[in-house]
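Written below as structure tokens is the structure these notes are about.
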Amino acid sequence: MIPKLVVIFIFSFSSVAMAEIKRYPLSDYPQVRIAEAVEVPAGSTTIYYSGAVPSPADPSAAFSSRTYWGRDTEIQANSIFSHMQASLADKGLNLGDVVKMTVFLVGVPELKGRLDMAGFTRAYNKYFGTKEQPNLPARSTVQVAALAVPGLLVEVEFILSKQRISDQ
């Protein structure tokens, strides 16, 4: 009797350990590359990544200018995602491990003070929902009056999840 219980327990444990992150598509707007929800199984490791801002586009320009950080939302967002790829790789992670993203965008004069969602989306679509990286995070995007340093138009916070190495 005991050997059967051990086999059942091992089988049950291995199926739990194999649980994967489940991403629910945004059904009302399938053209938008975000998940409606992301389900992270118990036992996964969660990583909270501080707000990321772009690398300087022109370090010779004034620190608090858009020229220094990148002249528009798309350039700044591309910088953030490119830098994140490298930073995450150093930690054994990648953009496919992102389960939640919070995006802060500053309005721009060119759009009468509104956020440049189209510019952000062009950058985002190069990194998420592609053939190379199909995983989509849940995402919230908000317009803010300003970020910590003048000239910044984009800041992104990331929450990542990955199965523990011992579980894989």
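The values are calculated or read from the model by the stated rules, or taken from the named source; none is laboratory data. Small disclaimer: the values here were computed from a predicted structure and weren't measured. A quick note on method: Cβ atoms are made from the backbone with ideal geometry, for glycine too, and the neighbour counts reach across all protein chains shown.
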*Kindly indicate the residue of segment 119-145 that is in a loop (DSSP other than H, G, I, E, B) and touching a helix residue (DSSP H, G or I) at 6+ places or on another chain (Cβ under 8 Å) and also farthest from LEU95 (Cα to Cα) among those meeting that condition.*
LYS126
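Of a type in the set (Lys, Arg), at pLDDT 95 or above and closer than 30 Å to PRO30 by Cβ: is that true of ARG114 in this structure?
Numbers: of a type in the set (Lys, Arg): yes; at pLDDT 95 or above: yes; closer than 30 Å to PRO30 by Cβ: yes.
Considered against the rule, which asks whether it is of a type in the set (Lys, Arg), at pLDDT 95 or above and closer than 30 Å to PRO30 by Cβ, ARG114 comes out as yes.
Taking the conditions exactly as written (within 21 Å of the chain's Cα centre (by Cα), surrounded by 12 or more Cβ atoms within 10 Å (Cβ to Cβ), on the phi < 0 side of the Ramachandran plot and not small (Gly, Ala, Ser)), does THR67 satisfy them or not?
Working: within 21 Å of the chain's Cα centre (by Cα): no; surrounded by 12 or more Cβ atoms within 10 Å (Cβ to Cβ): yes; on the phi < 0 side of the Ramachandran plot: yes; not small (Gly, Ala, Ser): yes.
The answer is no for THR67.
Results for (1) at pLDDT below 95; (2) touching a Gly at 6+ places or on another chain (Cβ under 9 Å); (3) surrounded by 15 or more Cβ atoms within 10 Å (Cβ to Cβ), shown as yes or no for each residue.
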site: ILE2; (1), (2), (3): yes, no, no
site: ILE10; (1), (2), (3): yes, no, no
site: ALA19; (1), (2), (3): yes, yes, yes
site: PRO25; (1), (2), (3): yes, no, no
site: TYR48; (1), (2), (3): no, no, no
site: PRO59; (1), (2), (3): no, no, no
site: ARG71; (1), (2), (3): no, no, yes
site: PHE81; (1), (2), (3): no, no, yes
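So is TYR29 outside any strand (DSSP E or B) and either surrounded by 10 or more Cβ atoms within 10 Å (Cβ to Cβ) or at pLDDT 95 or above (or both) or not?
So TYR29 fits the description; yes.
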*Please enumerate the residues belonging to segment 149-168 that are closer than 16 Å to ALA77 by Cα and either assigned to a strand (DSSP E or B) or modelled with pLDDT under 95 (or both).*
VAL154, GLU155, VAL156, GLU157, PHE158
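Results for (1) touching a residue at least 40 places away in the same chain (Cβ under 8 Å); (2) touching a strand residue (DSSP E or B) at 6+ places or on another chain (Cβ under 9 Å); (3) charged (D, E, K, R), shown as yes or no for each residue.
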| position | (1), (2), (3) |
| --- | --- |
| ALA77 | yes, yes, no |
| HIS83 | no, yes, no |
| LEU88 | yes, yes, no |
| PHE104 | yes, yes, no |
| LYS112 | no, no, yes |
| ALA138 | yes, yes, no |
| ALA145 | no, yes, no |
| VAL149 | yes, no, no |
| VAL156 | yes, yes, no |
_Anything in segment 127-166 that is over 15 Å from the mean Cα position of the chain (by Cα) and crowded, with 16+ Cβ neighbours inside 10 Å? List them, or say none._
LEU147, GLY151, LEU152, LEU153, GLN163
*For segment 99-118, does any single residue satisfy the condition of being touching a helix residue (DSSP H, G or I) at 6+ places or on another chain (Cβ under 7 Å), outside any loop (DSSP other than H, G, I, E, B) and surrounded by 18 or more Cβ atoms within 10 Å (Cβ to Cβ)?*
yes
*Give the residue that is nearest to PRO134 (Cα to Cα), with candidates limited to residues of segment 28-47 that are out of contact with any strand residue (DSSP E or B) (no Cβ under 6 Å at 6 or more places or on another chain) and in contact (Cβ under 8 Å) with a residue 12 or more places away in the chain.*
ARG33
